[in-house]
Amino acid sequence: MSAPPVFPEIKQNGLSAQDEIRSVRVPPFRFKYFKNNWPAIYEPIVKQMKLNIRMNPNAHVIQLKTNPDSCIDAVQKTCDFIEAISKGFEAKDAIALLKMDEVCVDSFEIDNVKRLQGDHLKRAMGRIAGKDGKIKFSIENATHTRIIMMGQKISVMGSQANVKFARDAIQDLILGAPPGKVYNNLKNIASRLDSSI
């Protein structure tokens with residue numbers, strides 16, 4: 001019987017988490033937020049994720065680099081965190097993406113649900129927000145999510161199940177469902193979510 005083959009040890013050249021470098025582009029209109037809130041953004045990245053980070057204001061880019069203490073998914077989680085802030089979320093809310101695996105951000109446009117133009121589009125956006133943001137806050141509170149509206153783009157952050165509940169409510173409003181009916185559905189969802197906790 002022949003001896004088993006002996007393979008040389010594999011070197012992790014280019015595969016090591018220590019060498020991973022990634023750049024995340026930030027929209028110019030959100031870059032001021034990054035500058036004004038830089039300590040609140042970089043401290044959890046450096047302390048919790050153990051990543052090196054720097055801001056390149058000329059290119060509107062945030063650059064990340066791993067080091068020997070970084071965990072495998074640190075770069076991806078941090079990219080999600082930075083992208084969430086770029087979409088309009090506050091750093092204090094987006095930090096949930098670094099701390100909890102089940103939190104995600106789902107973005108869609110009103111046109112993905114129904115093609116609307118002019119006054120119809122404005123009315124749909126008004127139905128989602130409600131007077132003084134009341135309906136948006138009701139959706140957030142009932143589904144334990146955060147919602148950002150930037151023009152036609154809507155982003156929802158929370159656990160996957162809760163994001164689906166919030167997205168369904170928003171889609172119903174876009175399609176013309178009366179806010180009262182959507183609000184009653186949200187109360188039912190809220191009571192189910194509270195009883196499951």
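The values are calculated or read from the model by the stated rules, or taken from the named source; none is laboratory data. If you're wondering where the values come from, they're calculated on a predicted model, not measured in any experiment. Reconstructed Cβ throughout: ideal geometry from the backbone, glycine too, with neighbour counts over all protein chains shown.
Quick notes on this one:
- Candidate set: the range 68-91, residues that are part of a helix (DSSP H, G or I) and in contact with a helix residue (DSSP H, G or I) (Cβ under 7 Å, 6 or more places away or on another chain); chosen: the one nearest to ARG30 (Cα to Cα): SER86
- Answer from ALA142, ALA166, ALA190, ALA161 - the residue that is under 20 Å from ILE85 (Cβ atoms), assigned to a helix (DSSP H, G or I) and without any contact (Cβ under 8 Å) to a residue 60 or more places away in the chain: ALA166
- Among the residues of the range 32-67, those identified as hydrophobic (A, V, I, L, M, F, W, C), outside any strand (DSSP E or B) and surrounded by 17 or more Cβ atoms within 10 Å (Cβ to Cβ) are PHE34, ILE41, ILE45, MET49, LEU51.
- From the options SER138, SER107, residue that is surrounded by fewer than 20 Cβ atoms within 10 Å (Cβ to Cβ), of a type in the set (Gly, Ala, Ser), under 21 Å from SER191 (Cα atoms) and at pLDDT 90 or above: SER138
- Qualifying residue in the range 74-89 (condition: within 30 Å of LYS181 (Cα to Cα) and either basic (Lys, Arg) or without any contact (Cβ under 8 Å) to a residue 12 or more places away in the chain (or both)): yes
- Of the set (1) outside any helix (DSSP H, G or I); (2) in contact (Cβ under 8 Å) with a residue 40 or more places away in the chain, all apply to ASP101 but (2).
- Scanning the range 44-90 for residues that are basic (Lys, Arg), more than 18 Å from the chain's Cα centre (by Cα) and closer than 30 Å to GLU140 by Cβ yields a single hit, LYS47.
- Selection from the range 110-135 of residues that are surrounded by 13 or more Cβ atoms within 10 Å (Cβ to Cβ) and not in a helix (DSSP H, G or I): LYS114, LEU116, GLY130
- Qualifying position, being assigned by TED's automatic domain parsing to the domain that holds VAL26, under 15 Å from GLY158 (Cβ atoms) and not hydroxyl-bearing (Ser, Thr, Tyr), among ALA91, ALA84, ALA74: ALA84
- Scanning the range 145-158 for residues that are assigned to a loop (DSSP other than H, G, I, E, B) and touching a residue at least 12 places away in the same chain (Cβ under 8 Å) returns THR145, GLN152.
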